[in-house]
Amino acid sequence: MSGVSVLQHFEAYQKSRVSFVQAVAEAATRPQNIEVMQNAGVMQLLRPLLLDNVPSIQQSAALALGRLANYSDDLAEAVVGNEILPQLVYSLSEQNRFYKKAAAFVLRAVAKHSPDLAQAVVDSGALDALVPCLEEFDPTVKESAAWAIGYIAQHTAELAQNVVDAGTVPLLVLCIQEPEITLKRISASAMSDICKHSPELAQAVVDAGAVAYLAPLIVHPDAKLKRQVCACLAQIAKHSVDLAEVVVEAEIFPNILNCLKDNDAFVRKNAATCIREVAKHTPELAKLIVNAGGASALVDYVSEAQGNAKLPGIMAVGYIAAFSETLALAIIVSKGVMPLREALVAEPEDHIKAASAWSLGQIGRHTPDHARDLAEGDVLRHLLACMVHEASSDDLKTKSKRALKAILAKCTHLQALQPLLRDSPVKVQKYVLKQFAQLLPHDVEARRAFVQNGGLQFLQELNESVEGKLKEHIEMINNCYPSEIVEYYSPNYSKALLEKIDEFQPQV
């Protein structure tokens, strides 16, 4: 056999390997093929091809493994179980940029599924190999590395701490300054995954100077980048007053309020979340948001958002209103009561209803004027309905009850209170009657209206079956009227009159 014919066999073998890995990588994109390939032992066949002497075969093998691992945690565990990770990590530091991208893709695909699989990636030494990739000249290699790092960090504080300890954060901050938009997106996302776990991890990102580069990107034309930037700033701001102040000092207001009107739904939601995370900390931060025009912007957002996207807006409004009567008034003046009431009535999800009830309670609990605005907005009746409805969740019942109690304690608008008397459970009746008992002695018109609307008659009927505090409040209200009027409206009055007829002896 001549040298040429011998080489032909090598070439045929190489072509077969190329054909095999390309076919497997292609087949791995379709879910119906995965199980067939797994049963055929695809992992064991691909593993040696990672160390093939032909670079294109190595890359295709890594790409195929990444697609398989991406499909399910079982396949990701098979990648770990077949000891493929150490080979990938070793090759990351040795090979060309195309292979580095493919290898980082496998690490990302394994790490995304669970903390245990992400820990396996860390244990294989992947972080030490990924960090130099963040300094590669090719931006697509940086992207792949940053993506893998974010997927490792997202699971737990311990994993995120490993990522920080490996020295990734300063390099991610450099990446966000690069011109490539996809690299900026992925870097912001990775930093968000680090920040979310604890104040210490968020501080590590702040100390690397990230906020100064993130904040200006709020006005970037790319929607996907704005999503990640708003999310990252929210994850920093949520932990403490100091971190929220760092975000605010980067002058995100009023620009972030414009994001509430963005065409992209995720940008709008993430911007609302960021504003909520700033607003919740102190009255000063809430006031800063209102002064920037945040009250009306948030109210508009709550009016326009659909479903779960409403939630951060509803909560932001509640946090702002909670701090002071002035801030709550700013929400009322911005016509914030109606959208919250609509969410309480119309939203199908109980957790959104519960947030609306909480926010309404925060607005109405300050003064009689605040409570009156809610009473006139027909809020009390709907809070009561949520509280007593059998299908309401425990959380919704609790929040509706607390909000109702807080508003009733300040409400002096008796016309709004009276309808609640008949439909309410005893606990709510107690709060309503307490207000009547305090207000009726000083208001003649209110006493007259209470009688004309059937309130006094209802109290006499109620008095037959109650005791304790409720009875005390009824007695206090009865004392506001002449005894003959109280007697006239008592259930036994007609019976007593009939008895008098029986006892009466006509003078003939």
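I'd like the residue in the range 30-53 that is under 42 Å from the mean Cα position of the chain (by Cα), under 26 Å from Ser91 (Cα atoms) and without any contact (Cβ under 8 Å) to a residue 40 or more places away in the chain and, out of all such residues, is surrounded by the most Cβ atoms within 10 Å (Cβ to Cβ).
Checking each candidate, the answer is Leu46.
Okay, residues lined up against (1) at pLDDT 80 or above; (2) within 30 Å of Met338 (Cβ to Cβ); (3) of a type in the set (A, V, I, L, M, F, W, C):
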residue: Leu384; (1), (2), (3): yes, yes, yes
residue: Asp395; (1), (2), (3): yes, yes, no
residue: Ser400; (1), (2), (3): yes, yes, no
residue: Leu404; (1), (2), (3): yes, yes, yes
residue: Ala409; (1), (2), (3): yes, yes, yes
residue: Thr412; (1), (2), (3): no, yes, no
residue: Leu440; (1), (2), (3): yes, no, yes
residue: Arg447; (1), (2), (3): yes, no, no
residue: Val451; (1), (2), (3): yes, no, yes
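Quick one: in the range 186-220, which of the residues that are open to solvent by 40 Å² or more (accessible area, probe 1.4 Å) and among the hydrophobic types (A, V, I, L, M, F, W, C) is farthest from Cys259 (Cα to Cα)?
That would be Ala212.
Name the residue, out of Ala61, Ala27, that is under 21 Å from Ala145 (Cα atoms) and surrounded by 15 or more Cβ atoms within 10 Å (Cβ to Cβ).
Testing whether each residue is under 21 Å from Ala145 (Cα atoms) and surrounded by 15 or more Cβ atoms within 10 Å (Cβ to Cβ) leaves just Ala61.
Residue-wise test of (1) out of contact with any Cys (no Cβ under 9 Å at 6 or more places or on another chain); (2) under 14 Å from Ala272 (Cα atoms); (3) touching a residue at least 24 places away in the same chain (Cβ under 8 Å).
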{"position": "Ser198", "(1), (2), (3)": "yes, no, yes"}
{"position": "Val205", "(1), (2), (3)": "no, no, yes"}
{"position": "Ala212", "(1), (2), (3)": "yes, no, yes"}
{"position": "Ile218", "(1), (2), (3)": "no, yes, yes"}
{"position": "Ala231", "(1), (2), (3)": "no, yes, yes"}
{"position": "Gln235", "(1), (2), (3)": "no, yes, yes"}
{"position": "Val241", "(1), (2), (3)": "yes, no, yes"}
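Please determine, by comparing only the residues of the range 447-458 that are assigned to a helix (DSSP H, G or I) and in contact (Cβ under 8 Å) with a residue 24 or more places away in the chain, which one is surrounded by the most Cβ atoms within 10 Å (Cβ to Cβ).
Phe450
Suppose we filter the range 427-446 for residues that are closer than 15 Å to Ala371 by Cβ and in a loop (DSSP other than H, G, I, E, B); how many remain? Walk me through how you get there before you give the answer.
Kept after step one, since they are closer than 15 Å to Ala371 by Cβ, are these residues of the range 427-446: 428, 431-432, 434-436, 438-439.
Then drop every residue that is not in a loop (DSSP other than H, G, I, E, B), which leaves none.
Within the range 427-446, residues that are closer than 15 Å to Ala371 by Cβ and in a loop (DSSP other than H, G, I, E, B) number 0.
Residues that are in contact with a Lys or Arg (Cβ under 9 Å, 6 or more places away or on another chain) and under 20 Å from Gln32 (Cα atoms): find the helices (runs of 4 or more DSSP H) completely inside the range 42-120 holding 1 or more of those.
55-71, 73-81, 97-111
Is it true that some residue in the range 476-489 is modelled with pLDDT of 80 or more, in a helix (DSSP H, G or I) and of a type in the set (Gly, Ala, Ser)?
So far as the range 476-489 goes, yes, one or more of its residues are modelled with pLDDT of 80 or more, in a helix (DSSP H, G or I) and of a type in the set (Gly, Ala, Ser).
Answer yes or no as to whether Leu421 is under 20 Å from Pro491 (Cβ atoms) and modelled with pLDDT under 80.
Details: under 20 Å from Pro491 (Cβ atoms): yes; modelled with pLDDT under 80: yes.
Criteria met by Leu421.
If the requirement is being within 43 Å of the chain's Cα centre (by Cα) and modelled with pLDDT of 85 or more, which of these qualifies: Gln22, Gln87?
Gln22
Tally the residues that are in a helix (DSSP H, G or I) and open to solvent by 30 Å² or more (accessible area, probe 1.4 Å), restricting the search to the range 459-468.
1
Which members of the range 1-19 meet the condition of being without any contact (Cβ under 8 Å) to a residue 12 or more places away in the chain and either within 22 Å of Met43 (Cβ to Cβ) or under 46 Å from the mean Cα position of the chain (by Cα) (or both)? Let's see the steps before the verdict.
As a first pass, look at the range 1-19 and keep what is without any contact (Cβ under 8 Å) to a residue 12 or more places away in the chain: 1-13, 15-16, 19.
Hits for the range 1-19 are Tyr13, Ser16, Ser19.
Could you check the range 284-297 and list, in sequence order, the residues that are under 19 Å from Met338 (Cβ atoms) and open to solvent by less than 10 Å² (accessible area, probe 1.4 Å)?
Within the range 284-297, Gly294, Ala295 qualify.
Looking at (1) closer than 20 Å to Thr182 by Cα; (2) touching a His at 6+ places or on another chain (Cβ under 9 Å), can you tell me which one Ser240 breaks?
Status for Ser240: all satisfied but (1).
Since Ala416 meets every condition but one in (1) more than 16 Å from Pro368 (Cα to Cα); (2) touching a helix residue (DSSP H, G or I) at 6+ places or on another chain (Cβ under 6 Å), which condition does it not meet?
(1)
Which of the residues belonging to the range 376-417 are more than 18 Å from Phe436 (Cβ to Cβ) and open to solvent by less than 20 Å² (accessible area, probe 1.4 Å)?
Passing the criteria: Gly377, Val379, Leu383, Cys386, Ser392, Leu396, Ser400, Ala403.
Restricting to the range 391-426, give me the number of residues that are more than 32 Å from the chain's Cα centre (by Cα) and not in a loop (DSSP other than H, G, I, E, B).
Number satisfying all stated conditions: 11.
The values are calculated or read from the model by the stated rules, or taken from the named source; none is laboratory data. What you see is a predicted model; the values in this text were computed from it and never measured. Quick reminder, even Gly has a Cβ in these numbers, built from the backbone with ideal geometry, and neighbours come from all protein chains shown. Surface areas here come from the heavy atoms of the whole protein model, side chains and all, with no ligands, DNA or RNA. Shrake-Rupley method; radii C 1.70, N 1.55, O 1.52, S 1.80 Å.
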